[in-house]
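Report on one structure; see the data block that follows.
The values are calculated or read from the model by the stated rules, or taken from the named source; none is laboratory data. Remember, it's a predicted structure, so these values are computed and weren't measured experimentally. Note: ideal-geometry Cβ built from the backbone for every residue, glycine included; neighbour counts use all protein chains shown.
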Amino acid sequence: MTITDGHVLHVPMLIDGKDVDSTDLIEVVTPWNGQVSATVPRGDSPHVDAAVAAARTGFESGVWARATAQHRIEVIRRLAQLVGDHLEELVELETLGNGATVRQATGFHIGYVAPHMEYFADLAARFDYEIPGPRTTFPTLGQSSVRREPIGVVAVIAPFNFPLLLASWKIVPALLVGNSVVVKPDERTSLAILRFARLALDAGVPPGVLNVVTGTGPEAGAALAAHSDVGKIGFTGSVPVGRQIMRLAADTVKNVTLELGGKSPAIVLPDADLDLAADGLLYGGLLYSGQVCESMTRLFVHESIHDSFVARLVERASTIVVGQPDDWDTDLGPVISAESRDRILGYIAGAVAQGATVAFGGGVPEGSQFSRGFWVEPTILTGVTPEMAVAREEIFGPVLSVLSYRTVDEAVALANDSEYGLAASVWSRDNDAAIAVADRIRAGSVWINDAHQINAAAPFGGYRQSGVGRELGPQALEAFVETKAIHIDLSGRRDARPYDVLLSHAD
Ligand code: NAD
């Protein structure tokens, strides 16, 4: 630890390129020791108004929106370079709030940010701001072209789990096509986003074009989502809050992209490589203590391999080192809060009361290093049935539920029987058989013999209540533009136009 060095760090908001502070503060509690490591201002409606006004002015001045696309790309590439240069610092700031292990934050949470920014910059270099249409003879001789223009002010509301990465999936495409942005991070995990926004100023994003308001969801978040000068909301978070955002957006008919929760299934076919599937599904379900939206937490395992698969899963789970996240040797850290820990332990107890068996873990790890902070052991439940809460609800904790199936039809039906549809995985030595199953699964991403493969060139998002719209992928920039059709009459003749449907008596 170098940034706080045992002291409580304080970081102000960034509005119109300036530090903005408040005497009303939010404490950032570090999940592995339960201590306050930092404070940020508790921003409220007036701060949101100021940030949106700065963004609006920044947008209308044209300093960014009417700069050349090439200039914006160069600035974003500079920012990606700065993110790479400040990797260690950003990792430290992010993990102070979300408790991810330093190894995981370096290799994933923060490590993915710069490469994904480069992907977006490459897309922007090929982006067509004007698409000429063909000539048409109906209803008259003419031609239309489509312009793609920035929406204006984009609001970004980010969750606690991958704060900077998921915010960057919205901020960077929005900026590349000329929008201004106001970000409201999760109140527990604002630090890396605040640093990123200051690096953006250094890279050449003009003051006012990227603003960060820290604060709670019901205060700053709701004020931002409801603001009449915001044209688009990019939101990642839970389904209940996603519904609220959609309702708030409805009053001023805002465009929304919603990346929401999940309860992702994995189907292990009888011919699967069980060693690979066991490791892949521990990674798929327990990474960051299961606090990943697409975590594979419902494991449908064919009855013929159920027992040997569970034995392998338990054997491999026992190698996972739970410990202090700032130790490079630690595999798994804490969960985000005491409320989360208690909710997760409640799910485990509920499943056991309904007849499930704890095959591994199931409680709080023992040892003096776990006396402070918020801990749950990696947990494997067997004998889970489809109607149990652990098999239906998003636990957002390190809990894998194993269910046995007889036929592929049954497994597919169970996998699809969910209000969510974010992701899934299929495990088999036969790629064709696995793809045939993937084709039948109603989810936005299906991995074959893998999990959490976040490839920037593939769209990411959910079916059903897992969300609206997609991030990443070749269309990533399109979520942040308005399209305008420009129609030109080429006939040059009054009598070639259909005006006589109204004006037949005019001559
Ligand atoms: P959350 O919904 O509690 O909070 C997300 C953000 O919304 C935070 O910034 C919060 O302050 C804000 N917020 C809360 N109430 C608000 C309100 N009334 N108005 C406006 N903003 C409000 O989610 P979380 O606990 O931070 O994250 C976990 C959830 O996010 C899980 O459900 C997870 O599956 C989901 N998630 C989805 C994806 C995806 O890509 N689909 C990725 C990561 C996380």
So, first residue over 16 Å from Val36 (Cα atoms) and touching a residue at least 12 places away in the same chain (Cβ under 8 Å) in the range 334-348, second residue of a type in the set (S, T, N, Q) and buried (at least 20 other Cβ atoms within 10 Å of the Cβ), Cβ within less than 8 Å, six or more apart or across chains; the pairs are Ser340/Gln291; Ile348/Thr379
Picked from the range 378-427 (must be of a type in the set (Gly, Ala, Ser) and more than 28 Å from the chain's Cα centre (by Cα)), the residue surrounded by the most Cβ atoms within 10 Å (Cβ to Cβ) is Ser404
Checked pairs for the range 303-324, first polar (S, T, N, Q), second part of a helix (DSSP H, G or I), C-beta under 9 Å and 6 or more apart or across chains, list as Ser308/Leu274; Gln324/Gln369
- In this structure, is Ile267 within 12 Å of the ligand (Cβ to nearest atom) and β-branched (Val, Ile, Thr)? no
If we keep only residues of the range 224-239 that are under 15 Å from Asp44 (Cβ atoms) and within 8 Å of the ligand (Cβ to nearest atom), then the residue surrounded by the fewest Cβ atoms within 10 Å (Cβ to Cβ) is Ala225
The lone condition Leu472 fails out of (1) under 28 Å from Val256 (Cα atoms); (2) away from the ligand (no atom under 16 Å from the Cβ); (3) among the hydrophobic types (A, V, I, L, M, F, W, C) is (2)
Checked pairs for the range 261-272, first in contact (Cβ under 8 Å) with a residue 60 or more places away in the chain, second among the polar types (S, T, N, Q), C-beta under 6 Å and 6 or more apart or across chains, list as Gly261/Ser238; Gly262/Ser466; Lys263/Ser418; Ala266/Ser425; Leu269/Ser428; Asp271/Ser428; Ala272/Ser428
Q. Quick check: anything in the range 178-192 away from the ligand (no atom under 12 Å from the Cβ) and within 18 Å of Val29 (Cα to Cα)?
A. yes
Exactly one of Ala479, Ala458 is surrounded by fewer than 16 Cβ atoms within 10 Å (Cβ to Cβ) and within 14 Å of the ligand (Cβ to nearest atom), and that residue is Ala458
Taking the range 107-165 and keeping residues within 16 Å of the ligand (Cβ to nearest atom) and among the hydroxyl-bearing types (Ser, Thr, Tyr) leaves Tyr112
Among strands (runs of 3 or more DSSP E) entirely inside the range 48-165, those with 1 or more residues being exposed (fewer than 15 other Cβ atoms within 10 Å of the Cβ) and touching a Pro at 6+ places or on another chain (Cβ under 8 Å) are 142-150
Looking across the range 461-476 at residues that are closer than 21 Å to Asp128 by Cβ and not acidic (Asp, Glu), the single one that is surrounded by the most Cβ atoms within 10 Å (Cβ to Cβ) is Ala476
From the option list Glu60, Glu92, Glu74, single residue qualifying as over 23 Å from the mean Cα position of the chain (by Cα) and under 27 Å from Ala220 (Cβ atoms) is Glu60
Here the residues within the range 352-377 that are within 18 Å of Val314 (Cα to Cα) and crowded, with 19+ Cβ neighbours inside 10 Å are Ala356, Phe360, Gly361, Gly362, Val376, Glu377
Only one of Gly221, Gly285, Gly242 is under 21 Å from the mean Cα position of the chain (by Cα), more than 9 Å from the ligand (Cβ to nearest atom) and either surrounded by fewer than 22 Cβ atoms within 10 Å (Cβ to Cβ) or assigned to a helix (DSSP H, G or I) (or both), namely Gly285
When every residue in the range 224-239 that is of a type in the set (Val, Ile, Thr) and not in a helix (DSSP H, G or I) is compared, the one nearest to Gln465 (Cα to Cα) is Thr236
(1) within 26 Å of the chain's Cα centre (by Cα); (2) in contact (Cβ under 8 Å) with a residue 40 or more places away in the chain all hold for Ile448 apart from (2)
Those residues of the range 115-132 that are of a type outside the set (A, V, I, L, M) and without any contact (Cβ under 8 Å) to a residue 40 or more places away in the chain come to a total of 5
Next on the checklist: For the range 17-24, check the following and say yes or no: at least one residue is touching an Asp or Glu at 6+ places or on another chain (Cβ under 9 Å), at pLDDT 95 or above and not basic (Lys, Arg).
Outcome noted: yes
